[in-house]
Amino acid sequence: MFNYDNFRISLKLKRKELKVTQDNIASATDISEKTISRIEQNDKKPSLETVIALSLIHISEPTRLALIS
């Protein structure tokens with residue numbers, strides 16, 4: 001079973017580690033900055049589509065490889 005808490009915590013920690021803003025991720029994924037914020041704050045459970053988009057950004061967006069790796 002997928003652990004949403006681990007996902008949201010990992011998302012936030014990795015984003016901060018890489019000094020990437022929520023806006024950067026929003027631009028790269030077409031997921032709103034508000035949605036990313038709500039996921040990180042545990043105010044919203046992401047859909048499977050959103051989880052996949054956030055998980056695959058580094059391979060689906062090769063021009064943004066430096067952004068998220």
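Brief remarks on what is shown
- Considering the range 14-58, and only residues there that are more than 12 Å from the chain's Cα centre (by Cα) and acidic (Asp, Glu), the residue that is nearest to Tyr4 (Cα to Cα) turns out to be Asp43.
- Residues of the range 23-42 that are among the aliphatic types (A, V, I, L, M) and out of contact with any Asp or Glu (no Cβ under 7 Å at 6 or more places or on another chain): Ile25, Ile31, Ile36, Ile39.
- Summed over the range 1-32, the residues that are farther than 15 Å from Ile52 by Cβ and among the aromatic types (Phe, Trp, Tyr) give a count of 0.
- Within the range 1-23, residues that are at negative phi have Cβ atoms under 7 Å from residues that are at pLDDT 95 or above and hydroxyl-bearing (Ser, Thr, Tyr) in these pairs: Gln22/Ser37, counting only partners at least 6 apart in sequence or on another chain.
- The residues of the range 1-56 that are open to solvent by less than 70 Å² (accessible area, probe 1.4 Å) and assigned to a loop (DSSP other than H, G, I, E, B), listed by number, are Leu18, Val20, Thr21, Ile31, Ser32, Pro46, Ser47.
The values are calculated or read from the model by the stated rules, or taken from the named source; none is laboratory data. Everything quoted here is computed from the prediction, not taken from an experiment. A quick note on method: Cβ atoms are made from the backbone with ideal geometry, for glycine too, and the neighbour counts reach across all protein chains shown. Only protein heavy atoms, including side chains, enter the accessible area calculation; ligands, DNA and RNA are left aside. Shrake-Rupley method; radii C 1.70, N 1.55, O 1.52, S 1.80 Å.
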